[in-house]
Amino acid sequence: MVKLNFTKLKNKLKYWLNTASKSFGLADLFDTTDMNPVTILSFMQDDDSKMALNLLRHIDMFRENEYEFFQIRIQLENCEFINDNKSLFRLLVNCICVMGIIEGKLNQGKNFHINNLSFNELESLLNDKLRNNIYYRGQTNFEWGICPSIFRNYIFSKTLTLDGELFDIYKLYQKYYNCNLIIKYNETIANKKIMTPLEMNYEFIAYMQHALSYSPLIDITKRIEIGLQFALGNKSSINDFFGKNAALYSFSIPFDFYLKNTEVDSFFQNEFKVNILNKKIKPGTIMYVEDCKGNLKKVDFRTIRRIINELRPDFKVVEFATNDRMRYQNGKFIIFYNYTLVNGRILFSLNQHLDVRQYKILVKSKKELYNMINKHYPQYNMEYLLNPYLYFNK
């Protein structure tokens, strides 16, 4: 048997890990610094981990030498060097976790595509009349993920001693109450005062999204030209507009995932839950989150399949428009729930029912796209999208 050069192997794996992490946006998900050999060994021997390990065969660094791959796999499965090469095992566990997530993408999510948005493709999208279940979202920075505004730069409870918090209707009420938003709403525009979490309805949550951009809702639109306006919406900032690529997302959503108006309040009260970790995932372990009542909930990361299940979000779409601006924007909301949020990252492409396309709008294309959209769709200029009454008073 050929003796392996572990330094060479480690360098190869590290190079691959960095490449894969950047490509799939997973660089900040896993923490393996404090894993002990027993945990690592248990994790490596799990069937799901072996399945993920088999996928290493498809990595470029092994394609040239099948024999080398075979030797590596034999020694990994036998764990012959666990005591002398702990750093290598930490690296391998990290690789296996990432491969497990990618495996989820390959088997369940052949539905996430990234393309540069060309003018020909844009023209085709604008002329497509069969977009009944397609929604769009524009973001001014291509590097941003999609995350609800209330979870960005999330502030955890000062008394938290566990791995994270369970976010539900009670936690949402607590967040709004601590900011005096419940009181201000009750004193001004509330048709019926909100006194308890279960009295906090969709109308109030939607108002918080549009008035303050502070809610678990994510804005989407039925019109691609409106999504493009939001993607190019930082035109007044020269550094941002000419310094950063923008993004346009399209979501193909089956009608089975639409919430009826009469179902929305019940959904938030009974189904909407998100685990929010205040640290990275520790593979092969159980982590704990705490709800508002002090109850503990375990989040199981002991196997690859469980990791994927925890990170895979469910989703619903709400079509009910609550104000004129939302109607003018052809706006809807998408809600992700029943998943674990780590460092603001939602791996929505793990859900097999959601077909997502991310189009990169290159800096060099921005000005021409901006001029084209405003020429052909002047009614959707950004100032009108934010205040539709300006268009009618023009």
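The values are calculated or read from the model by the stated rules, or taken from the named source; none is laboratory data. Keep in mind that this is a model prediction, so the values were computed, not measured. Using ideal geometry, Cβ is built from the backbone for each residue, glycine included, and neighbour counts are taken over all protein chains shown. Side chains included, ligands, DNA and RNA excluded: accessible areas come from the protein's heavy atoms. Shrake-Rupley method; radii C 1.70, N 1.55, O 1.52, S 1.80 Å.
Of all residues in the stretch 191-208, those that are farther than 23 Å from Asp219 by Cβ have Cβ atoms under 6 Å from Cβ atoms of residues that are surrounded by 15 or more Cβ atoms within 10 Å (Cβ to Cβ) and at pLDDT 95 or above, 6 or more apart or on another chain, in Pro197/Ile169; Pro197/Tyr170; Pro197/Tyr173; Leu198/Gln269.
Conditions tested, residue by residue: (1) over 25 Å from the mean Cα position of the chain (by Cα); (2) open to solvent by 40 Å² or more (accessible area, probe 1.4 Å).
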{"residue": "Ile361", "(1), (2)": "no, no"}
{"residue": "Glu368", "(1), (2)": "yes, yes"}
{"residue": "Lys375", "(1), (2)": "yes, yes"}
{"residue": "Pro378", "(1), (2)": "yes, yes"}
{"residue": "Glu383", "(1), (2)": "yes, yes"}
{"residue": "Pro388", "(1), (2)": "yes, no"}
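The residue that is modelled with the highest pLDDT, among those in the stretch 211-238 that are surrounded by fewer than 19 Cβ atoms within 10 Å (Cβ to Cβ) and not polar (S, T, N, Q), is Tyr214. Which members of the stretch 278-290 meet the condition of being open to solvent by less than 10 Å² (accessible area, probe 1.4 Å) and in a strand (DSSP E or B)? Once the filter is applied, which keeps residues that are open to solvent by less than 10 Å² (accessible area, probe 1.4 Å) and in a strand (DSSP E or B), the stretch 278-290 yields Ile281, Met287, Val289.
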